[in-house]
Structures are given as structure tokens and as C-alpha cells.
Amino acid sequence: MGFPKNFVWGVASSSYQVEGAWNRDGKGLSVWDTYVHEQGHIQNQDTGDTACDQYGHIKEDIALMAEMQIKAYRFSISWPRVMPEGTGRINQKGLDYYDRLTDQLLENGITPYITLFHWDLPYQLYTKGGWMNRDITDYFAAYAETVVNRLSDRVKYWITENEPQCYIGAALASGEHAPGLKLGKKELFLAAHHSLLAHGKAVEAIRSCAKQASVIGYAPASWHLWSPVTEKAEDIEACRKMTFDAGEEPIGGTSWWLDPVCLGRYPDTTGYSYGAYIPDTTAEDMKIISQPIDFIGMNVYQTYRGKAGENGTCITIPNDPGYARTNAEWSVTPEALYWGPKFYEERYHKKLYITENGLSNQDWIFLDGQVHDLQRIDFLHRYLYQLKRAVEEGISVEGYFHWTLTDNFEWTSGYNNRFGLVYTDFKNQNRIIKDSGKWYRQVIETNGEIIK
Ligand code: GCO
């Protein structure tokens, strides 16, 4: 038993959070580039201008991965680095960068998993209406085609979009993330619909242009997930139902994104006042949105615990006083890596990857020059223990990508949340493998046997 023989042990990152080089070699601006330069959005007024400068440290970062025995690297492509205006003109130097990255990963036996969109929307497209403009769905497909034409002779695994709940929800509804809008519900649902349609068109583009059979996934945030506090049938059922409920907050629930993609319909919104704002969808749109994908990527961090209430409702259990939490104040809920994959597989019948999971911590360099992050080891151990339970029961989880390789730019909290297995000194770009990185190496070397 244990993890399957070919289980993929990886790490994940995203372009804006690690690359830096925000204005080098012909790259266009993204909405994050402009947003971070406005006052007051980001803690400490940090920016991703330099971040971990992975743009200038490919060799070093890949050597670190190789040292940790990492098998796969999930990274994202910066759309404006490849197409500075988001549409039309291609920046060859931008594509060259991803070429180098891909080649060097392969030379080191590390499989690339490419995310096409991890939030850094070309600023020029934002000025044309961004996700509100239906044309973006074609621009995205054309961008996907450009990348796939260049890299698919070597790259097989693709993820269209990462966490639409954030780049539509946190960016356009609550206004915390770039470009910081607070749209009304009608506009919000329209933007969400376009994001789904863009996903579908990108899947079509990958399938039609790729130079080898591709494996394609979609990675929404999986925070809308309830784990039962007992194994009583009614608690399990209440949590399962709640996990796929459309949710009080429009577009927050998992089913907003996965039901259209995997089941070809929007979730049931009976009982929620915003139902009336959902756009009328044509059958053609839904067909594009729901064409088959190969896997669902689950990004799992903080989730909820629940039990059955009256009439099959789910009662969310509040956190205990002094509960175990991360530096971002997220509660530690490892059982989500058991219940989440189980519930998702039952509903969507797809293969799964854990495309993100990790801990933000206040790591620093100890007097002995090392970074002793015991908490991250314990966190990882607990989450992987639950994941192991799931795979041992036959749930088809193909791989696990730890978030993240190097400490990096954590959106509105800037550099205040360190998520890496590798410590980054942001003054001089020195890297130190943390104790957790060394421990993860043992997990990989034993294919998870040390997880007990
Ligand atoms: C997300 C993103 C990552 C984050 C990570 C930690 O989940 O928000 O995909 O970009 O950095 O999740 O918050």
C-alpha cells in the first residue's frame, strides 16, 4: 500500500510571485505590476518587481529542486511577458525564458507542469474591460496557442487557470487583489462566466495545437470544503452537501467553478438572493466550458469542519480558542486532504492532483545558519498523512505539489508570509534549504513511507 509507485512529488509557484524582472526583455505590464506601485494595497508597500528573481536564478532554483529530489515543478507563465499587450504581438524573449526553464527542468529530470494563468492579467487587456469583455476568451485561447506551439514538444501537463475565486472574486468583488474593483453582482457573474469560457477555449486550443497527447487540468481554490468531525453517516452527508453548495458568497463555492467545467451546468442557487444575476448561458457556451479535462487540481489550505444540524443542514464548527493556525491566521485542517479528494472524486469522477498546499510561517535564519521550521514539517506530515489515507482507499490522486519552492511575494501581504521549503533572503537573493525541504526530500526518497 502507500503512495502509488509513480506518485508525482512536486513543488508549485507562480510567475508574479517568483520571477521578478517585471520590466525586463520586453515584458508588458500586468495588473499586479501597476497595482503594487499604487499606495496602500500591499503590506509594507512591497512589490514583486524583484521577488525571488527566478528570472535570473533558474539554474540555482533547479539545482535546489534536484537536491531535494523533486520530481515535478508547477510554474505559471506570465501572459504579458509572452504577449506584452495580451493580444497580437509576441515577445520572443519572453518565450525564450520559458524555453530555458523547461529545458533545464527536463535536463534535471524534473517534469514541468505549466499553469497558463495565475492572475497576472496583461494591463492592456484590463483597459479593454478585462474579464468583463467577452473578447478576452479569444485572447486567452490565442495566448494558450502561442505557448503550446512553443513548448508542447516538451511539455505534456497543462493547467489552464489558477483559483478563479481570487482573480475574479478577490480582484473584482471584494477589491483586495489587483486590479482592486468592487463590481456589482451582474458584472461579477459575467466576468466569472468569461473566465470559465476562457478555460474551455484554452482546453480546445491545447488539444488542437499540442505536439503530443496533453494532460489538462483546472485548479480552482478548494477552501470551500467541510470535513466531518465524526464518521457518522449524517455528518459526512451534511459536509458533502455543504462542500458543493453554491454558497452565501457569490462565486465563492467550489461548485461555481467545477460544476460548469465537469458537469456542464451552474450549481443550484435556490435560496440565494443573487440567483437572478446569473447570466443566461447558451448551450454552446456550456459545451465549450464543459469539454473533458483530465484532472482537477486542488489547492488546499484552510478549510472548515462541520457536523449535521437539523434537516440535513451542516453546522460549521468554530475554531477552538488558541487553535493551531498559520502565520496568515489560517486554521490547520489536515483532514481536508482526505475528505476533499474523496468528495471531489465522488462528484466529478476525475483524477486529482493536489496542486497547492503549504504553510506560511515566520521563518528566520538561526544562529547556526540554518532555518529550523519544525512547524512546517509537522504541518506537512499531518496533511500528507491524510492524503495517504485517501490514496490507500483508492482515490485517484496522482500527485502533490507543495506550495512553494522559495519564499516569495505573497500578494497583499507582501513578503510577510513565508511559504517556502527554501528560505529566500530578499536583500541578496541567497537561498537556504529549510529543515522542511530536507524532510520533504526524505518523503520523496521513500515515496511517502515515512508518513505514518
Ligand atoms: C493562492 C495562490 C498562491 C498563493 C498561495 C498561498 O492559493 O492564493 O494560488 O498564489 O500564494 O495559495 O496563499
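The values are calculated or read from the model by the stated rules, or taken from the named source; none is laboratory data. Given the structure is predicted, the values throughout are model-derived calculations rather than measurements. Note that we place each Cβ from the backbone using ideal geometry, even for glycine, and neighbour counts take in every protein chain shown. Note: areas computed on protein heavy atoms with side chains; ligands, DNA, RNA excluded. Shrake-Rupley method; radii C 1.70, N 1.55, O 1.52, S 1.80 Å.
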Discussion item. Residue under question is K186, and the condition is that it be more than 16 Å from the ligand (Cβ to nearest atom), outside any helix (DSSP H, G or I) and either over 23 Å from V300 (Cβ atoms) or in contact with a Cys (Cβ under 8 Å, 6 or more places away or on another chain) (or both); does it hold?
Written reply: no
Discussion item. I'd like to know if the range 233-241 contains one or more residues that are under 24 Å from the mean Cα position of the chain (by Cα) and open to solvent by less than 10 Å² (accessible area, probe 1.4 Å).
Written reply: yes
Discussion item. Whether any residue in the range 148-161 is small (G, A, S), in contact with a Leu (Cβ under 8 Å, 6 or more places away or on another chain), crowded, with 17+ Cβ neighbours inside 10 Å and touching a residue at least 40 places away in the same chain (Cβ under 8 Å) is what I want to check.
Written reply: no
Worksheet, complete the sentence: Restricted to the range 404-424 and to residues being open to solvent by 10 Å² or more (accessible area, probe 1.4 Å) and within 23 Å of Q370 (Cβ to Cβ), the residue farthest from the ligand (Cβ to nearest atom) is Y423
Worksheet item: Which of the residues that make up the range 85-114 are within 22 Å of G399 (Cα to Cα) and of a type outside the set (S, T, Y)?
Response: L101, D103, Q104, L105, L106, E107, N108, G109, I110, P112, I114
Worksheet, complete the sentence: Counting only residues that are open to solvent by 30 Å² or more (accessible area, probe 1.4 Å) and among the hydrophobic types (A, V, I, L, M, F, W, C), the range 309-320 contains a total of 2
Worksheet, complete the sentence: Condition set open to solvent by 70 Å² or more (accessible area, probe 1.4 Å) and not in a strand (DSSP E or B), scope the range 341-364, selection nearest to the ligand (Cβ to nearest atom): answer is Q362
Response to the item:
T269 meets each of (1) buried (at least 18 other Cβ atoms within 10 Å of the Cβ); (2) within 26 Å of S396 (Cβ to Cβ); (3) touching a helix residue (DSSP H, G or I) at 6+ places or on another chain (Cβ under 6 Å) with one exception, condition (2)
Discussion item. Given the criterion farther than 21 Å from R134 by Cα and exposed (fewer than 14 other Cβ atoms within 10 Å of the Cβ), identify the matching residue among Y338, Y274, Y323.
Written reply: Y323
Fill in: Leading residue by the ranking (surrounded by the most Cβ atoms within 10 Å (Cβ to Cβ)) among those in the range 375-390 that are among the hydrophobic types (A, V, I, L, M, F, W, C) and closer than 19 Å to V11 by Cα
L387
Worksheet item: Among the residues of the range 197-220, is there at least one that is within 30 Å of K307 (Cβ to Cβ) and touching a residue at least 24 places away in the same chain (Cβ under 8 Å)?
Response: yes
Worksheet item: So which residues in the range 240-280 are small (G, A, S) and at positive phi, if there are any at all?
Response: G247, G264, G271
